[in-house]
Amino acid sequence: MVDYHAANNQQYTAGGPPSYMEQENDWDRDLLLDPAWEKQQRKTFTAWCNSHLRKAGTQIENIEEDFRDGLKLMLLLEVISGERLPKPERGKMRVHKINNVNKALDFIASKGVKLVSIGCRGACGPFPARARGVKRREAERAEAAAGLQRQRKSEGGAGPDRTAVNSLALRHDKLFPLRSAERLTPPRLSVPCLFSEIVDGNAKMTLGMIWTIILRFAIQDISVEETSAKEGLLLWCQRKTAPYKNVNVQNFHISWKDGLAFNALIHRHRPELIDYEKLRKDDPVTNLNNAFEVAEKYLDIPKMLDAEDIVNTARPDEKAIMTYVSSFYHAFSGAQKAETAANRICKVLAVNQENEHLMEDYEKLASDLLEWIRRTIPWLENRAPEKTMAEMQQKLEDFRDYRRVHKPPKVQEKCQLEINFNTLQTKLRLSNRPAFMPSEGRMVSDINSAWHNLEGAEKGYEEWLLNEIRRLERLDHLAEKFRQKATIHESWTDGKEAMLTQKDYETASLSEVKALLRKHEAFESDLAAHQDRVEQIAAIAQELNELDYYDSPSVNARCQKICEQWDALGSLTQSRRESLERTEKQLESIDELYLEYAKRAAPFNNWMEGAMEDLQDMFIVHNIEEIQGLITAHEQFKSTLPEANKEREAIQAIQAEVQKIAQYNGIKLAGSNPYTSITPESIDSKWDKVQQLVPQRDQALQEELARQQSNDHLRRQFANQANIVGPWIQNKMEEIGRISIEMNGTLEDQLTHLRQYEQSIIEYKPNIDQLEGDHQLIQEALIFDNKYTAYTMEHLRVGWEQLLTTIARTINEIENQILTRDAKGISQEQLHEYRTSFNHFDKDHSGALMAEEFKACLISLGYDVENDKQGDAEFARIMGIVDPNNSGAVTFQAFIDFMSRETTDTDTADQVIASFKILAGDKNYITAEELRRELPPDQAEYCIARMAPYTGPDAVPGALDYMSFSTALYGESDL
């Protein structure tokens, strides 16, 4: 047989590379083909051709007969090349068949195949080598002329057209000129002889041609580590079967006889199809049949050989085995491409699914937090006052529970929400996805605004609670004071109306009348002394009304009764005085001693009653200075007691003198002092009461002094801790700001340092808790001011929460930088350079660059953003990338994202479309069945649920549009 490749074509004789495949044996030697090999080649090549012709809806039965007219040969070349050949001639004449075969061979030659001489059978075979070329041409000319004559006869012509015959001969000579080399040596190129042999049904020539086609279109492109096609295919087989016992592939004949190599190739790529451990080397027929049947059933590789053909041959045909093995190679290389494409799609879809999961988590967390704020603010804005101090204290306790229990978890949720949002945006940028825009009303700014409103409502609610407690405390004090004064006044007025309305002066003597008159004067003096008490009672009632005291109706009723009684007493007093004065003229004798007693006893009695009232009076103070003022006033009152005692003794001496004179003169006193109802016993009793109340008052004042000292201790205790914690928090905030702009070590070192720093801050939490405990004690003690510190618990809480949020946000920024570095392949040196450039232009160390600072930074890095029209347009484009919210500032994270995007590659929509196209078998659409076959179940269903129906002209039922889906993954269209 002759090699149709021109393995040693003169194109490469000067030491150039060989053609795509070199024959091991000269074709002339193979003219006497082993019958067993010929049988194997017939089966293999016929099956191989039919595997391609079935795509065009046809097949062959006899390989040398079915290719004689050239029609199926041209169809085979169109199917395997994917190209259109010239239109074939449909005539039945030999010249038509020759022309069709000639077109097919021209196409093969155009693909780089150099067809070499085979030695003509019949026309060329018997002649000597020197004369063979001339005789061949004459035979071909005669054959062409005979064909033309037969054609003219079939068309009714008289005979051959000499002009046409000559023309055909001339064209023949032009196509295949007789070279000088042909006259000297046996020619190796004889294409006209070749297509004559094909048309004549020469089996060996036909098999040689098919083998050339197989080499060119099935084996040529196989290359492993820059080897030739045959060596590459052999190396591929060796690598794939290396792990299998009893398999040693060294060639394409003996190494495949036992069938284990075929089974090993299938098991290596599709282990579920072959139970390799059950195969036996001593049963080659079973092994070969198993491999051939599995390949035909599951891999769409037609059965090209029978097991007996291989086993019963000492040395199987190498070309048949190579053809069969190349079908396995192409079947599994296609699966590898599909797997690669599926892996790419899985990777892209996994990123998209993870991002969507993060988006859903953000939306839910934001909704829950906003809903909690929405429910909490109305509760904090409720200003409905309570009637009692106990109810308001319960409200204050509920507010403390809110601060200690309910709010701290929400602070953590808010911080985590910001961290999740930043992480999500970073992942979207790294995967070349559009930025995440939360639902309306759920932006981070919306949450911050709602949180600000919550803290405002919280502050207002606390101030209202404290003011309301002060008000209720003041109301309770005033109400008790009103009740005490009203009780004293009512006790004093009891019986006064009856006394003023009696007519005792009508039957009294002159002395008795004068006594009555003096007594009445003393009563008027007493009445005037009680005027201040009545005014105080009315003033307290008025204040209770102004402060909206809940029991104001009963207070007003009692006050009204007292005022009406007081007016009545004034009228009755005036009426009785007028009556006594009318009688005074008749009554002149008055006991001066009684009168003096009465005059001195009345004010003294009023003083004692006032003193008792003051000693029993309630007080409320808020600091040591106020209680010390009360103690000082009480000490001053005690200093007046000796003088008061002297006055008491003098008054008692008058009464004693009366008794002494009466006893001495034998005067029988007719009852009590006619000028006053104040008896010596009542004076002594009230004096004793004053003496009892003084130490009680001392004790109450000392207890209040101790309470105020305790309160002052609480103030100092809170102030001492607050004055430490406040500066500590401020110092840590400044240190974090300094750390975030410094570059000490790698990002991992910085992250480790920040986490250690965060742990040290968390370990400081007991100091905050201690401060909260001190603050709770202060609130429980109703302490409302602290002159020892400028820090309030609210300020410290806000500072602590800001400190935790800042360190968490800084750690998150470093983690995002690591994520960016790893995803984009940025080196530590590049990150250091970026940080150095950023810090150089961050003059105020704020952690962000203003527009002009960022522009100067870009210029220093080589970007053309000078102050001209083109530079301004480029700068505006870059600002749109790094500052999409138009905040006017560029963070370091946004700066890194921009620089990494400028220097690294990412997946693109075109790459994903190309991967889908591989899975779809080069179609413009893909089906649900193909997606479920090539992708994992969850990602296949994810694609099916989101892909729009394909509406192109080549659409089939159930076709899906993977192009719009791929572009939507990168924000280039809408799903």
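Computed values, structure above
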item	result
Cα-based radius of gyration of segment 713-766 once divided by 2.2 N^0.38 Å, which approximates compact folds	1.48
Segment 809-945 - percent of accessible surface contributed by carbon and sulfur, probe 1.4 Å	51
Residue-level accessible surface for Arg270, protein heavy atoms, 1.4 Å, Å²	80
Highest to lowest packing among 418-426, 617-625, 597-605, 693-701, scored as the average C-beta count within 10 Å	597-605, 418-426, 693-701, 617-625
Rounded if a/c under 1.5, otherwise prolate or oblate - segment 913-975, Cα gyration tensor axes	rounded
Too-long pairs where the Cα-Cα distance tops 32 Å, listed order kept, from Lys55/Lys97; Lys39/Lys923; Lys481/Lys503; Lys39/Lys72; Lys410/Lys855; Lys103/Lys923	Lys39/Lys923; Lys481/Lys503; Lys410/Lys855
Nearby lysines by direct alpha-carbon distance to Lys407 (threshold 19 angstrom, same-chain neighbours under 8 apart not counted)	Lys364, Lys395, Lys459, Lys765
Set of lysines with alpha-carbon distance to Lys278 below 23 Å, sequence-local pairs under 8 removed	Lys240, Lys245, Lys257, Lys297, Lys303
Residue-level accessible surface for Trp492, protein heavy atoms, 1.4 Å, Å²	20
Ranked packing of 641-647, 324-330, most packed first, by mean Cβ within 10 Å	324-330, 641-647
Heavy-atom SASA rank of Lys414, Lys503, Lys297 (probe 1.4 Å, accessible area, largest first)	Lys297, Lys503, Lys414
Eligible lysines near Lys496 by straight Cα distance, threshold 18 Å, same-chain separation 8 or greater	Lys485, Lys519, Lys561
Segment 196-333 - percent of accessible surface contributed by carbon and sulfur, probe 1.4 Å	44
Shape of segment 591-632, Cα gyration tensor, a/c cut at 1.5	prolate
Linear extension gain, Glu703 paired with Glu780, 0.36 nm per residue minus alpha-carbon span	26.0 nm
Probe 1.4 Å - accessible area at Arg558, Å² to nearest ten	70
Peptide ranges 778-784, 912-918, 716-722, 204-210 listed from the most packed, as the mean C-beta count within 10 angstrom indicates	204-210, 912-918, 716-722, 778-784
Met963, Met304, Met93, ranked by accessible area, largest first (probe 1.4 Å)	Met963, Met93, Met304
Sequence of Thr313, Thr891 from largest to smallest accessible area, 1.4 Å probe	Thr891, Thr313
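The values are calculated or read from the model by the stated rules, or taken from the named source; none is laboratory data. Keep in mind that what you see is a predicted model, and the values were worked out from it rather than measured. Methodologically, a virtual Cβ is constructed for each residue, glycine included, from the backbone with ideal geometry; neighbour enumeration extends over all protein chains shown. Accessible surface is based on the protein model in full, side chains and every heavy atom, while ligands, DNA and RNA are left aside. Shrake-Rupley method; radii C 1.70, N 1.55, O 1.52, S 1.80 Å.
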